[in-house]
């Protein structure tokens, strides 16, 4: 078995340096992926519709089922997947465990890297599968579910490989005792925790799941992937390719199983509570995440909800700021965990080199930029995409009844390719800083609150309090004052929230780069997923050291 | 401030290589510590008795109290310590936090290393304080509370320093975008979790506490040390010296506070449950440890109880085996968390090059070796020490009523230096392997159970099951068969239990070396203290990354 040494080495190096690195090109360019790659991928996706997904190597299913619906077509995909009982899944996982944990880490790495190379050939198919389950626009669906997910998976493999290599396999321990020495041969084993269950979400079915899958697999744990019933196909393709590589190496394909369920018969709790399950990765709502975190005897990694803030104090060019933030709230209709929700603006306005921009002036600019993007037929529909869940649309409608001035109502628009798409543009509401009950919870979807504060100090205090109490995954801040900058950096760091300062142009606070940006590092209630720092992989195994005297 | 670069560098190197390293000599030799060091230490200890302990730099006490008693004299020490309310402790800790977290890691390391150098000068005083609170023999009291504890503290400093250094402080992130690049300045901060409470135990008041204290301090957290009311003085000396160094560097001495309480008014729960407390280190009983682990919103490190096994299959020299194990159960009257309790012996006996040694023959040898050590006036009293807690003596007495043949009754002996010492020699009881209810719990103290199994396979299965279900911190195994050896190594590794194979001579399964042996790495119910792997320190802080475009 050949280890993809060079790639792994580069990934480990990037992870250490935290500089830019990407193994999988993010542009769906024909020059990179081939002239027919896009059309082939689309055709393959279409051929999957209305059929059984037969690519898995799992056996013993009790039924075939699937309830995915396209947010673009508002019609079921009619793909069905094999359904297994929890006992069958666990039993097969137990069997696979004993083989996989004894597979050397170099072989595990080699197999997992190979699976990513296979998946790379299916990025376009995965992109269409992602569009028609999550509602993401084409570009995001390609990037987030394909190359960015693969990079994040590679990152987890690299982190796992590095951590497994940190302690020597063996060492001679030679203790001087005066006239003699005590010599012990010591050896250390990285013992995997056991069965790992990775619970997917409906908006980022691969990006949020592959880190847990690859993080658990590289460290020797068998994985059961439980996708969201609304977004199965993208991750099913990942699992199928992992199983293919396992089978080719004569290893048990049940080392990584897909556990599909349906909205009317969810097996997540049954799986999570099973005594044989030791590791749980979860992305989704806070209530379920907190329930999982409280399960005794489990190691749980969560990405739950967060209330993301933008602190506006001062700026070089307020128009560029408004444009950048308008893009951030339009992007995938604010269905990203990193999307901004609360915009804190002092009642005295935002300082700029050409004078103060008042609260109202900024609100106008922000609204104008949102409208301008939405109304650009070459950009709007593709940036906004579609709305995954009907309930998000209801929440957006309800936001217009919040106590405060509605600066912009949500509306629909026509997607030239999908007339039936479920869409909603951002609603923008002004809220006074005293109305904390309104803005201290996540309002998932395209809902932006412009919050008038007494001062930037109040803005910072509120952003910190919300992050500490209710969680936050991202934060944006605009200031040209170095003292204010450090105050924001320090206070938000205490709330474990990464701050993007003064972003303008084509980089957005929603974005999160593998090998460089930590993601949900565990210091606030939004979760402890920790893509990817040492803990994210070290918690998946236990070091055990044995020792024995050297024979004379 | 000069960093003790060389020492720290050596410690980090040893930690990586896991080879032998000791910064603090374990022998209380005059040639090392000075001709009068022992006498001076003893005099200083005696001068402390019956007085207020006025070395701390804490103010605002509500009373002076102390209830320590010497197990050797069975008399109170009459030392009193300042007592503070939880609110005062928390409030001072909060203030100290903001200064300490901003103190650069090199300065923190320097201060902590300096404190260990000071403490080194007080090893003998700490040794006597340890003897007269824990009942440990002189040699163990010196080693465990002095050099071994200091080495373990240094190890925690080294691990913390290394982890804080793993992510660069800043990096240029330069992403090619075709015709241009996006350049971000990124910076990462290691943000300490917050107030750390370290809860001590009565048997190893410094060894089990310094890792948490130094692990939390190096990573920027203020610490409140809550000693066991029965064993305060040894750790009070550590805290006093840490405060001295802090004060000399014009830093708040409340960065590390001592929180003394009394048996009738314990403040542990109040402290642990306080919302400002983020980190808890605990050594003690399983019930309290599990209560702490279940507290929401806390990072908890525990060392709870374990049921330690010895698996006897075959041996080169059974007499050496019996002698080694007899020493292990006599050492500090089996009041170590690593002391063996359950000895699994196949009914077919133990294979040796000179023929099978039957169960009964081994039991006789074991008992003979225990007696021979106990009855050696130059060794016995010093190896056994005294019994810390009256209840341990009651448990030993009760063990004679267990269902099984009593091979050896517990008895007392005379300590030539302390006629009033509370002592108890090991009781040895034969138990059938079917009587699981007897041996599946920790029987703390000098209680050894010889368990007759059907075969070595049953011995291994039982040892694994006990470790998995009830926890285990150590395991001994004797086998000359490489297949059996690997089976034991594999099965016990799955139960996260380190195995000492075939120990004879002057090294014992109870012993645990800093920089090399992991301790309670978290894979079984005995706890997750994890001295010292990466998790032990990385869980004490959160990485937060900020970013900002490079200015054109």
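Filter region A:215-240 for residues that are farther than 17 Å from residue A:259 by Cβ and either without any contact (Cβ under 8 Å) to a residue 40 or more places away in the chain or in a helix (DSSP H, G or I) (or both) and give the result. Hits for region A:215-240 are A:215, A:218.
Which residue, of B:476, B:471, is in the same structural domain as residue B:343 (by TED's automatic domain parsing), more than 23 Å from residue A:98 (Cα to Cα) and touching a strand residue (DSSP E or B) at 6+ places or on another chain (Cβ under 7 Å)? Write out each step before concluding.
Numbers: B:471 fails: more than 23 Å from residue A:98 (Cα to Cα).
After ruling out the rest, the residue left standing is B:476.
For region A:198-214, the set of residues classified as closer than 22 Å to residue A:111 by Cβ and out of contact with any helix residue (DSSP H, G or I) (no Cβ under 6 Å at 6 or more places or on another chain) consists of A:212, A:213, listed by residue number.
Out of everything in region B:167-192 that is in a loop (DSSP other than H, G, I, E, B) and at the interface with another protein chain (Cβ under 7 Å from one of its Cβ atoms), what residue ends up being farthest from residue A:533 (Cα to Cα)? Here the residue is B:168. Any residue that is farther than 30 Å from residue A:90 by Cα, without any contact (Cβ under 8 Å) to a residue 24 or more places away in the chain and loosely packed, with under 13 Cβ neighbours inside 10 Å - is there at least one of those in region A:5-20? Yes, region A:5-20 contains a residue that is farther than 30 Å from residue A:90 by Cα, without any contact (Cβ under 8 Å) to a residue 24 or more places away in the chain and loosely packed, with under 13 Cβ neighbours inside 10 Å. State yes or no: is residue A:506 in a strand (DSSP E or B) and without any contact (Cβ under 8 Å) to a residue 40 or more places away in the chain? No, not satisfied. Of all residues in region B:515-527, those satisfying the criterion of being more than 12 Å from the chain's Cα centre (by Cα), in a loop (DSSP other than H, G, I, E, B) and more than 7 Å from chain A (Cβ to nearest Cβ) are B:515, B:525, B:526.
Evaluated against (1) within 30 Å of residue B:188 (Cβ to Cβ); (2) buried (at least 17 other Cβ atoms within 10 Å of the Cβ); (3) in contact with a helix residue (DSSP H, G or I) (Cβ under 9 Å, 6 or more places away or on another chain), residue A:53 falls short on exactly one condition, (1). If you go through region A:242-268 and pick out every residue that is over 27 Å from residue A:116 (Cα atoms) and touching a residue at least 12 places away in the same chain (Cβ under 8 Å), you end up with 4. Does region A:419-433 contain at least one residue that is touching a helix residue (DSSP H, G or I) at 6+ places or on another chain (Cβ under 7 Å) and closer than 21 Å to residue A:302 by Cβ? Within region A:419-433, not a single residue is touching a helix residue (DSSP H, G or I) at 6+ places or on another chain (Cβ under 7 Å) and closer than 21 Å to residue A:302 by Cβ. Residue A:359: in the same structural domain as residue A:316 (by TED's automatic domain parsing), more than 15 Å from residue A:334 (Cα to Cα) and in contact with a strand residue (DSSP E or B) (Cβ under 7 Å, 6 or more places away or on another chain), yes or no? Here the answer is yes, as residue A:359 does meet what is asked.
Which count do you get for residues in region A:175-223 that are surrounded by fewer than 23 Cβ atoms within 10 Å (Cβ to Cβ) and within 12 Å of the chain's Cα centre (by Cα)? Going through region A:175-223 one residue at a time, the tally reaches 2. Can you tell me which condition residue A:67 does not meet? The list is (1) in contact with a strand residue (DSSP E or B) (Cβ under 9 Å, 6 or more places away or on another chain); (2) closer than 26 Å to residue A:118 by Cβ; (3) in contact (Cβ under 8 Å) with a residue 40 or more places away in the chain, and all the others hold. Condition not satisfied by residue A:67: (2). In the set (1) touching a strand residue (DSSP E or B) at 6+ places or on another chain (Cβ under 6 Å); (2) within 13 Å of chain B (Cβ to nearest Cβ), residue A:198 fails one condition alone, (2).
Report yes if residue A:246 is assigned to a helix (DSSP H, G or I) and under 19 Å from residue A:91 (Cα atoms), otherwise no. Judged against the criteria, residue A:246 is a match. The sole residue among A:352, A:302 that is under 30 Å from residue A:271 (Cα atoms) and touching a residue at least 12 places away in the same chain (Cβ under 8 Å) is A:302. Taken together, A:512, A:533, A:502 contain a single residue that is at the interface with chain B (Cβ under 7 Å from one of its Cβ atoms) and farther than 19 Å from residue B:538 by Cα, which is A:502. Of the strands (runs of 3 or more DSSP E) that lie entirely inside region A:316-413, those containing 3 or more residues that are within 30 Å of residue A:518 (Cα to Cα) and at pLDDT 95 or above span A:342-346.
Restricting region A:540-552 to residues that are surrounded by fewer than 22 Cβ atoms within 10 Å (Cβ to Cβ) and more than 7 Å from chain B (Cβ to nearest Cβ) leaves a set whose member that is modelled with the lowest pLDDT is A:552. Looking at residue B:430, is it outside any helix (DSSP H, G or I), more than 14 Å from chain A (Cβ to nearest Cβ) and either modelled with pLDDT under 95 or within 27 Å of residue B:71 (Cα to Cα) (or both)? No; evaluated as a whole, the condition is false for this residue. For the criterion of being free of Cβ contacts under 8 Å to residues at least 24 places away in the same chain, under 29 Å from the mean Cα position of the chain (by Cα) and within 20 Å of residue B:462 (Cβ to Cβ), residue B:394 fails. Taken over region B:480-493, the residue count meeting the criterion of being surrounded by fewer than 24 Cβ atoms within 10 Å (Cβ to Cβ), within 10 Å of another protein chain (Cβ to nearest Cβ) and in contact with a helix residue (DSSP H, G or I) (Cβ under 7 Å, 6 or more places away or on another chain) is 0.
From the list B:157, B:90, B:111, the one residue that fits, being over 18 Å from residue B:247 (Cα atoms) and in contact with a helix residue (DSSP H, G or I) (Cβ under 7 Å, 6 or more places away or on another chain), is B:157. Pairs meeting the criteria (first residue in region A:23-44 and assigned to a helix (DSSP H, G or I), second residue loosely packed, with under 12 Cβ neighbours inside 10 Å, beta carbons under 9 Å, at least 6 apart or on different chains) are A:30/A:36.
Between B:380, B:385, B:404, the distinction of being surrounded by 21 or more Cβ atoms within 10 Å (Cβ to Cβ), at positive phi and in the same structural domain as residue B:334 (by TED's automatic domain parsing) belongs to B:385 only. Evaluate the following for residue A:414: is it surrounded by fewer than 16 Cβ atoms within 10 Å (Cβ to Cβ), under 29 Å from the mean Cα position of the chain (by Cα) and closer than 27 Å to residue A:69 by Cβ? So residue A:414 fits the description; yes.
Of everything in region B:162-174 that is in contact with a strand residue (DSSP E or B) (Cβ under 7 Å, 6 or more places away or on another chain) and crowded, with 18+ Cβ neighbours inside 10 Å, the residue that is farthest from residue B:257 (Cα to Cα) is B:173.
The set of residues from region A:287-306 being assigned to a loop (DSSP other than H, G, I, E, B) and buried (at least 24 other Cβ atoms within 10 Å of the Cβ) comprises A:304, A:306.
The values are calculated or read from the model by the stated rules, or taken from the named source; none is laboratory data. Keep in mind the model is a prediction, meaning the values are calculated, not measured. Neighbour counts run over all protein chains shown; Cβ positions are idealised from the backbone, glycine included.
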